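Chemist: Below you'll find the structure I mean.
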Amino acid sequence: MTTSIRVRVATGAASIAVLALAGCSGSGDAEATDPNGSGNVAVEETTSAPAEETSAPAQESTEAEAGGALEAYVAREAAQVDTIVESSSGVYSDIWIDAEEPSTIVYTYQYAEAVDPDEATAYFEGVTDTLADLCESTVFPMMEAEGVESPEARYVYLNSDGSELWSETYTSN
């Protein structure tokens, strides 16, 4: 049973890579290996008005543009969810991708079957550096290309009963 739990957790972590890499490929195809290295795939300026009158609307416009960029990125990523759930071979019952203003994408994965919380936590704590590297090399550059400034990514894993197994937020350097 322990092997089964590890496989489900490893498959779950690999889905992070698949989902993050899905936006990199023009065809929508993605290939990734799991973070533990086992090889399993689970992817115009105005000068006529005083500065006080223009700075607030300009800031609001910038914030709206940033929010729009985040929403656009989230929508593109969310378009991959059904494919990831289907390819997870029953590991997940659902995946949610949400925007949290001003610049955070939140990936939430819910396991279809119960996993041991202690084993899941130990596993994810062991791959936090790998996930941070994935964010720095793939997720954050894609968010920045979309126009999101100072991007952050949060990964949340829920057990089958909805209880949180693990969560971590990564901030761009």
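Throughout, read-outs are computed from the coordinates displayed, never taken from laboratory work. Here the structure is a predicted model, which means the values were calculated and not measured. Note: ideal-geometry Cβ built from the backbone for every residue, glycine included; neighbour counts use all protein chains shown.
Chemist: Give the residues of the range 145-166 that are assigned to a strand (DSSP E or B) and over 14 Å from Thr104 (Cβ atoms), sorted by residue number.
Modeler: Matches in the range 145-166: Tyr157, Leu158, Glu164, Leu165, Trp166.
Chemist: Additional query: Which of the residues spanning the range 76-130 are of a type in the set (Asp, Glu), over 13 Å from Ser167 (Cβ atoms) and more than 13 Å from the chain's Cα centre (by Cα)?
Modeler: Residues satisfying the conditions are Asp82, Glu86, Asp94, Glu101, Glu113, Asp116, Asp118, Glu119, Asp129.
Chemist: Before we move on, is Ala120 in a helix (DSSP H, G or I), surrounded by fewer than 18 Cβ atoms within 10 Å (Cβ to Cβ), among the small types (Gly, Ala, Ser) and in contact with a strand residue (DSSP E or B) (Cβ under 8 Å, 6 or more places away or on another chain)?
Modeler: So Ala120 does not fit the description; no.
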